[in-house]
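Data first, discussion second: the structure below is written as structure tokens.
The values are calculated or read from the model by the stated rules, or taken from the named source; none is laboratory data. These numbers come from a predicted model, not from an experiment. A quick note on method: Cβ atoms are made from the backbone with ideal geometry, for glycine too, and the neighbour counts reach across all protein chains shown.
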Amino acid sequence: MISVEEALERVLSYVEVLEPERKPILACLGQVLAEDIYSAIDIPPLDNSAMDGYALHAEDTRGAGESSPRHLTVVGEVAAGSMPTEEVGPGMAVRIMTGAPLPEGADAVVRFEDTDETKRRASGGDPSQIGILCQANKGLNVRRKGEDIAREALVLKKGKVLRPQEIGVLASLGQPTVLVIRRPIVAVLATGDELVGVAQSLAPGKIHDSNTYTIAAEVSRYGGIPKILGIGRDSVQSLTEKLDEGLEADMLITSGGVSEGDYDVVKDVLAERGKINFWTVCMKPGKPLAFGFMTKMEGGREKRIPHLGLPGNPVSSMITFEQFARPAILRMMGKMNLAKPTIRAIIEDAVVNNDGRRVFARVTVTRHDHRYRASLAGPQGSGILTSMTAANGLAVIPEGSKAVKAGDIVDVQMLDWGEERGEAKTPPTVSIVGKSQSGKTVLMEKLIAEFKRRGYRVAAVKHGRHGMNIDWQGKDSWRFAAAGADTVFVSSPDKVAFIRNVNHDLNIEEIVLTAGTEFDLILAEGFRKSRIPKIEVHRGELGDDLLCSPEELSAIVTDAPLDTNVAQFRQGDTAAIADFIERSFVLKAGIVPCSPGKEEG
Ligand code: AMP
Ligand code: MG
């Protein structure tokens, strides 16, 4: 049994970068550029305007302002796609649109908004004149010829992976085709007497072949071209016949038939028609994994086609594909970075490793408070393919470690890099604490109103220490809950309440999770024992001491200044307190108000 690293090294030693081909640029997404790309043109081709406005001499705007306009004579107009016909001499301007070439003589563009054009038109003023309301420096709103790409520059280097932006750059150079490393053709064969095709009905004892689909989709995902060979039966003859059809491919991938059962004949075929390199790897799932090459004669010479025999269990075949077939495909495509993107995460479930192999556990990774957390994505049996649909990562438990416990840090290979599953973001939460009668509720009211005015979506949480009374014995809502409903909604034309019966006094973090992503800020009253940011309201007449120790507080709101290092605000200075909360917690979390704040008055 060899290690994962050694197995990968052996697989990669059999695959080579393929030859280049010339193709239309749009067919090259994800392929590696096989030539250096130089530009034959300047981009942009001429100096041009970055704004809709007036092209002029910067000199002529000296001293211009809202109350001291500089008046220029409009001598023409130029739109994108046409060439200017007028020269801009001193005291002159040309009306110009974004992307239009700058007229001879002009060295700056002042945008419409900084001229009196709208006012002039509305008041029927002289259209042959324009008032400039700001001072322009030379070069303002001018895009220089060749500032993006200069003629003869090396724009894209050989080896670059083509993404949408590179394809766009090639188009802007006027290059309809490009030389790239060709995509590998990967032949995919399922093996097993129990398998029937996806459209066939199931006779007793049969199952649908899913591996062909998973594997072919993986081949496409990583840039290869799958060639589906179908289903081979568990006999040397059947497999040999099928595999013969795949010998034109750059690589063969089979699934199933590599364990030690009576009908596991993939190894026998490999041994007969080529050579086995290894057939067990120290990993779980995926221990039975055969690798070698098949041979065929081509032009009088023996050609070797790498053959990866993946295990039959659907999860094992997918995980071993990720570890070995993916890097092989990427290498053939000329890619340099073969490693799976990996993060460090806090694992939320224990995982035991009882036989010293490297475990790949299917996990769901989410992000909370700038940390990744990984929880097991359901049952881990290697036949349970739906666990892969719940997972977005594979936690890697090293062969040396007997177990990881909840809370340990583990490496997680990301199956998808964050695009499919958004961050589990909870809104920033701040709690207002203080002794009874200190003025917490008044401050809450003022802050809520202030944040609404600033355009934020605000949720407020009130902790009822002695229970609360919106639902009592005998009410319909109470009876629904008593009958076992997890949540009861009570709705009316102007309110909806949501009652969830809980078995403990929820902490604020648990409440915030319920709030989802509908809010930009949660203001809570109370919860002084929690670890969320807290602001204490203090009143001199209730004593010098505070409810919380200063280290626990983000700020203090008081009518009697205290001798402490914690930020202090005056009672009633709501705007300053809101500024502090906005700056320290809301903007930091990357939240901006979703509707513009309403002006007061
Ligand atoms: P094997 O490695 O051939 O012993 O197969 C192991 C397990 O995977 C068996 O339960 C097979 O039925 C199952 N299996 C093998 N090939 C496929 C396939 N193409 N699609 C779905 N399940 C498969
Ligand atoms: Mg089988």
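Brief remarks follow.
- Number of the condition not met by D408 [criteria: (1) touching a strand residue (DSSP E or B) at 6+ places or on another chain (Cβ under 9 Å); (2) modelled with pLDDT under 85]: (2)
- Residue count, the stretch 461-475 (criterion: surrounded by 15 or more Cβ atoms within 10 Å (Cβ to Cβ) and in contact with a strand residue (DSSP E or B) (Cβ under 6 Å, 6 or more places away or on another chain)): 2
- Residue list for the stretch 273-289, restricted to those being touching a Ser or Thr at 6+ places or on another chain (Cβ under 8 Å), under 30 Å from V352 (Cβ atoms) and surrounded by fewer than 21 Cβ atoms within 10 Å (Cβ to Cβ): C282, K287
- None of V94, V15 is closer than 19 Å to V142 by Cα and not small (G, A, S) except V94.
- Within the stretch 141-152, the presence of a residue that is more than 30 Å from L270 (Cα to Cα) and within 16 Å of ligand 1 (Cβ to nearest atom) is excluded.
- Qualifying residue in the stretch 516-530 (condition: more than 27 Å from A560 (Cα to Cα), in contact (Cβ under 8 Å) with a residue 24 or more places away in the chain, touching a Ser or Thr at 6+ places or on another chain (Cβ under 6 Å) and not acidic (D, E)): yes
- Given (1) surrounded by 20 or more Cβ atoms within 10 Å (Cβ to Cβ); (2) assigned to a loop (DSSP other than H, G, I, E, B), number of the condition A93 does not satisfy: (2)
- Selection count where residues are buried (at least 20 other Cβ atoms within 10 Å of the Cβ) and more than 13 Å from ligand 1 (Cβ to nearest atom), scope the stretch 243-272: 8
- Any hit, the stretch 41-57, residues being free of Cβ contacts under 8 Å to residues at least 40 places away in the same chain, of a type in the set (V, I, T) and surrounded by fewer than 16 Cβ atoms within 10 Å (Cβ to Cβ): no
- Meets criteria (more than 21 Å from L8 (Cα to Cα), in contact (Cβ under 8 Å) with a residue 12 or more places away in the chain and outside any loop (DSSP other than H, G, I, E, B)) for M297: no
- Residue tally, condition surrounded by 19 or more Cβ atoms within 10 Å (Cβ to Cβ) and assigned to a loop (DSSP other than H, G, I, E, B), over the stretch 381-401: 3
- Contacts under 6 angstrom Cβ, first residue in the stretch 192-219 being within 17 Å of M318 (Cα to Cα) and touching a residue at least 40 places away in the same chain (Cβ under 8 Å), partner of a type in the set (S, T, N, Q) and near ligand 1 (Cβ under 8 Å from one of its atoms), 6 or more apart: N211/S255; N211/S317
- Checked against the criteria, D494 does not count as more than 30 Å from T574 (Cα to Cα), modelled with pLDDT under 90 and charged (D, E, K, R).
- One residue from K335, K340 being under 20 Å from V4 (Cβ atoms), part of a loop (DSSP other than H, G, I, E, B) and at pLDDT below 95: K340
- Restricting the stretch 1-40 to residues that are of a type in the set (S, T, Y) and surrounded by 14 or more Cβ atoms within 10 Å (Cβ to Cβ), the residue that is nearest to V180 (Cα to Cα): S39
- Against the conditions (1) surrounded by fewer than 22 Cβ atoms within 10 Å (Cβ to Cβ); (2) within 13 Å of ligand 1 (Cβ to nearest atom), S238 satisfies every one except (2).
- In the stretch 308-315, the count of residues that are part of a helix (DSSP H, G or I), touching a Pro at 6+ places or on another chain (Cβ under 9 Å) and modelled with pLDDT of 95 or more is one or more.
- Verdict on S375 being among the polar types (S, T, N, Q), away from ligand 2 (no atom under 16 Å from the Cβ), surrounded by 15 or more Cβ atoms within 10 Å (Cβ to Cβ) and outside any loop (DSSP other than H, G, I, E, B): yes
- Selection over the stretch 39-54 of residues that are closer than 12 Å to G139 by Cβ and of a type in the set (A, V, I, L, M, F, W, C) gives a count of 1.
- Considering only residues in the stretch 290-319 that are of a type in the set (S, T, N, Q) and within 15 Å of ligand 2 (Cβ to nearest atom), the one that is surrounded by the fewest Cβ atoms within 10 Å (Cβ to Cβ) turns out to be N313.
- Elements of type strands (runs of 3 or more DSSP E) contained in the stretch 169-284, each with 1 or more residues being within 16 Å of ligand 2 (Cβ to nearest atom) and not hydrophobic (A, V, I, L, M, F, W, C): 185-191, 225-232, 251-255
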